[in-house]
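Here the structure comes first, spelled out in structure tokens, and everything after it is commentary.
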Amino acid sequence: MSAVARLAVRVAVRMLPSSMRDRYREQWAADLRDAAEAGIRPSEIAMGSLAFAVSVDRPVIETRAVSTGATQRRSRLAAGLALSAALLGLSQYASIVTFGGLVGHGVIDFAMFIGSGLLTVYTVLAVLASITLSFTRGVPGAVRLAVWLLALASAAPLAYATIGSGLEDVDNPYLTPATAAYLVAAVLIAAAAVLLVRAFAVREASTGHPRSVALLGGVLVAAAVAAGVLGAVRHWSTRAPYVEMEGISAEARAELSAAIIRYDGAVDVVFVVWAIVGAVLATMVVAFGFKGGATTGGVVVITAAALCAALLANGAILTFLQLLVRDVDASLVVAALLLVARYGIIALCLIGVGGMRLAPRKPVAELVAA
């Protein structure tokens with residue numbers, strides 16, 4: 001029973017604000033040691049410590065000074081959370097045109113609904129957590145400002161919905177007054193990225209074989225883009241030919257024909273632009289691996305980021321094509337591509353910027369002793 005009581009007291013200590021832990025750790029340890037002599041059951045001390053830890057007054061945001069290492073970890077985590085939330089918000093630009101997101105299969109539709117819902121919940125929690133962490137005393141002002149800019153950028157979808165899309169009144173749903181919210185978000189993210197690069201820039205010696213990894217990464221990115229473009233072209237080539245509608249005026253028929261011609265031209269431009277952008281992405285991955293001080297880990301992160309961008313762009317292009325080619329199978333592919341890309345963005349931001357790792361930084365025994 002005493003072992004259980006000691007474990008409960010240890011948990012209670014961890015629940016206290018950091019400034020109170022040392023005092024009550026010593027006090028409750030002494031109480032447990034002298035419990036038998038004083039005629040008190042260890043369970044009473046354990047329950048009392050837990051009750052105190054739950055009910056003690058504590059600040060919502062703890063601004064006390066922390067160690068340099070802890071401050072840096074909190075700064076990185078705040079930046080990673082805020083950046084992931086902002087990029088998730090910006091990625092919603094690819095989903096401006098939607099067709100309900102349903103593919104007619106109950107299990108798949110439910111899975112997609114849960115996946116999208118979790119992204120929304122994550123975005124809200126990530127913004128709140130990043131702002132809270134940014135109030136830690138010692139966090140650099142540049143990091144704090146970047147976090148706030150990114151938190152503001154994450155609200156782009158909300159701003160878009162608030163302004164009103166007005167899609168029914170325009171020929172191009174991707175260029176409306178409301179989509180300016182995404183442009184503003186992109187500018188805020190770029191400004192925050194500059195601040196974070198300056199705050200976290202560290203000169204490291206080249207490790208591993210970054211050039212070989214960069215070449216492989218460039219090939220993977222180029223292959224992903226090529227597969228996306230070719231798949232989109234094949235999908236577009238299967239569209240049904242335009243059939244003139246009967247019972248409409250010659251003027252309306254002419255307007256419809258002109259709109260279809262403009263749309264066909266826009267599709268051709270999209271294919272060319274995406275191929276060029278893909279080539280640029282692949283080149284950037286290779287160039288990053290050949291620059292001075294490149295590390296294998298950094299090249300892997302850059303490659304993964306480029307692949308996420310490729311998946312997101314492929315999903316956006318297929319969504320754009322759905323304006324004229326309605327295909328349930330394509331809708332499923334679009335939903336899958338966008339979900340994978342968005343969850344990839346979260347993982348990359350938390351690992352590459354936030355410094356999170358799957359393995360604990362300290363041995364379990366050391367954590368328990370602390």
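Remarks
- Condition broken by residue 301, with the remaining ones in (1) at pLDDT 80 or above; (2) not in a helix (DSSP H, G or I) satisfied: (2)
- Test result for residue 171, under 30 Å from residue 267 (Cα atoms), modelled with pLDDT under 85 and open to solvent by less than 50 Å² (accessible area, probe 1.4 Å): no
- Whichever residue in the stretch 207-244 is touching a Leu at 6+ places or on another chain (Cβ under 8 Å) and open to solvent by 50 Å² or more (accessible area, probe 1.4 Å) and, among such residues, is modelled with the highest pLDDT: 220
The values are calculated or read from the model by the stated rules, or taken from the named source; none is laboratory data. These figures come from a predicted structure and were not determined experimentally. Virtual Cβ from ideal backbone geometry, glycine too; neighbours counted across all protein chains shown. Surface areas here come from the heavy atoms of the whole protein model, side chains and all, with no ligands, DNA or RNA. Shrake-Rupley method; radii C 1.70, N 1.55, O 1.52, S 1.80 Å.
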